[in-house]
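J.: Below you will find the structure I want to go over with you.
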Amino acid sequence: MDFLWLAVGLVLVLYSAKWLVEGASSVAKSLKVPDLVIGLTIVAFGTSAPELVANLFATLDGKTDIAIGNILGSNIANILLILGIAATIYPLKVHHGTTWKEIPLSLLAALVLLIMANDTWLDGNSANVVSRSDGLVLLGFMSIFLVYTFEIAKRSPDDTEDVLLLPTWKSVTFIVAGLLGLFLGGKWFVDGASGMAHQFGISDRVIGLTVVAVGTSLPELATSIIAALKKKADIAVGNVVGSNIFNTFFILGVSGIIQPLSYNAAQLNVDAFMNIGASVLLFLSTRTLSKSVVTRVEGVIFTGIYFTYLLYLIVS
């Protein structure tokens, strides 16, 4: 039953995010909101809605290992698994701005998370916590990233979101169904994941890093594979890097504000360093002999490292 709740919850969350995006985008379009703004706000939120909903329910239920594990696991899977698969399908050319701005921002997010979470290590505190003040700082970083994103998008107005204008009743139905589905699906998904962890004697951390993280990263996986098949490498890389920044700065920031998150440094620091290492590896792969390109060989290496990491989690 736990697996059934997890599967049904995940499917409902993924479809509900799609419904919410379509309905909200249509309403925004009818209100004459530019496609560029819709793409950078509503659509960007929609692709990260599964991670956000899973984190909110995990946080409210006190399952902080699932919440933090979901963020770390999603970021690791985004680079090593999703970009690895996409690069194996078709070599990913990375723009100069992505190499020197977006990827370093993703690395900064990973470093900030490690620093904020290790209070006993750095400040000598009695416990490690991602506090409400930490959450506010993370949202501050997010606001800076949003301003940067809007400025970049203004220079490339052709890369806008194609928004379908729906009848008002249909838009409202999609929005209501999307919100209700996200609520129910998110609760079932987290409850099912937690139940599976207890049933099989697996820690919440490992469930968060694997099942929850990969499940909530399915929109990014689908988008990146389709982009690779269409030979639109910039979309694949930008989608993943942007998602990692959004996950850390926004989703973890909101989670920390709602309820401070306890951090098990003895276990989660391994994953935090893996998160940092994945961003460093992505940066280095764009500065090798095939400059500004993540090659098929590097894609295979990324994927191999990810499955080796999964094996480590299972064995440990």
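No value in this document is a laboratory result; all are computed from the given coordinates. Remember, predicted model here, so these are calculated numbers, not experimental data. A quick note on method: Cβ atoms are made from the backbone with ideal geometry, for glycine too, and the neighbour counts reach across all protein chains shown.
J.: In angstroms, what radius of gyration and Dmax does the stretch 212-277 have, counting Cα atoms only?
T.: So, for the stretch 212-277, Rg and Dmax equal 14.6, 43 Å respectively.
J.: Applying the Karplus parametrisation 6.51 cos²θ - 1.76 cosθ + 1.60 with θ = phi - 60° to the phi angles of the stretch 61-67, what ³J(HN,Hα) value in whole Hz is obtained for each residue in order, glycine and proline being reported as x?
T.: 7, x, 8, 5, 5, 5, 4
J.: Rounded to the nearest 500, what is the chain's calculated 222 nm mean residue ellipticity when only DSSP H runs of at least 4 contribute -39500 (n - 2.57) each, over all residues?
T.: One gets -23000 deg cm²/dmol as the mean residue ellipticity at 222 nm.
J.: Turning to a different aspect of this structure: Percent relative contact order of the chain, based on C-alpha pairs within less than 8 angstrom and at least six residues apart?
T.: After rounding, I find 43 percent.
J.: Residue-wise, which Karplus ³J(HN,Hα) couplings in Hz belong to the stretch 101-106, taking 6.51 cos²θ - 1.76 cosθ + 1.60, θ = phi - 60°, and x for glycine or proline?
T.: For the stretch 101-106, the Karplus-derived couplings read 10, 5, 5, x, 5, 5 Hz, x marking Gly and Pro.
J.: Take the alpha-carbon centre of the stretch 46-78, take the same for the stretch 185-203, and report the distance between them in whole Å.
T.: So the separation of the two Cα centres works out to 13 Å.
J.: What does the convex hull of the alpha-carbon atoms of the stretch 22-130 project to on average, in nm²?
T.: Result: 10.1 nm².
J.: Rounded, prolate or oblate: which fits the stretch 242-281, taking a ≥ b ≥ c as square roots of the Cα gyration tensor eigenvalues, rounded meaning a/c under 1.5, else prolate when a/b beats b/c?
T.: oblate
J.: Ratio of the stretch 148-248's C-alpha Rg to 2.2 N^0.38 Å, to two decimals?
T.: 1.41
J.: Take the alpha carbon atoms of the stretch 42-193, find their radius of gyration, then divide it by 2.2 N^0.38 Å using N residues; give the quotient.
T.: That works out to 1.25 for the stretch 42-193.
J.: Of the listed peptides 182-194, 221-233, 6-18, what is their order by residue-averaged count of other C-beta atoms within 10 Å, with the highest listed first?
T.: Answer by packing, highest mean first, reads 182-194, 6-18, 221-233.
J.: To the nearest 20 Debye, how big is the dipole of the chain about its Cα centre, given +1 on the beta carbon of each Lys and Arg and -1 on that of each Asp and Glu?
T.: About 720 debye.
J.: Over what distance in Å are the Cα centres of the stretch 101-144 and the stretch 292-316 separated?
T.: What the calculation gives is 26 Å, centre to centre.
J.: Ok, one more. Under a point spin-label approximation (7 Å from Cα along Cα-to-Cβ), what is the W169-L139 distance to one decimal in nm?
T.: Between W169 and L139, the simple spin-label model gives 3.8 nm.
J.: Further question: Quick one: compute a quarter of the convex hull surface over the Cα atoms of the chain and quote it in nm².
T.: Averaging across all directions leaves 15.9 nm² for the Cα convex hull.
J.: L122 to L311: FRET efficiency via 1/(1 + (r/R0)^6), r the Cβ-Cβ distance, R0 25 Å, to the nearest 0.05?
T.: 0.20
J.: Residues with amide H under 5 Å of S292's amide H, sequence separation 5 or more or different chain, H placed in the peptide plane at 1.01 Å from N; which?
T.: R287
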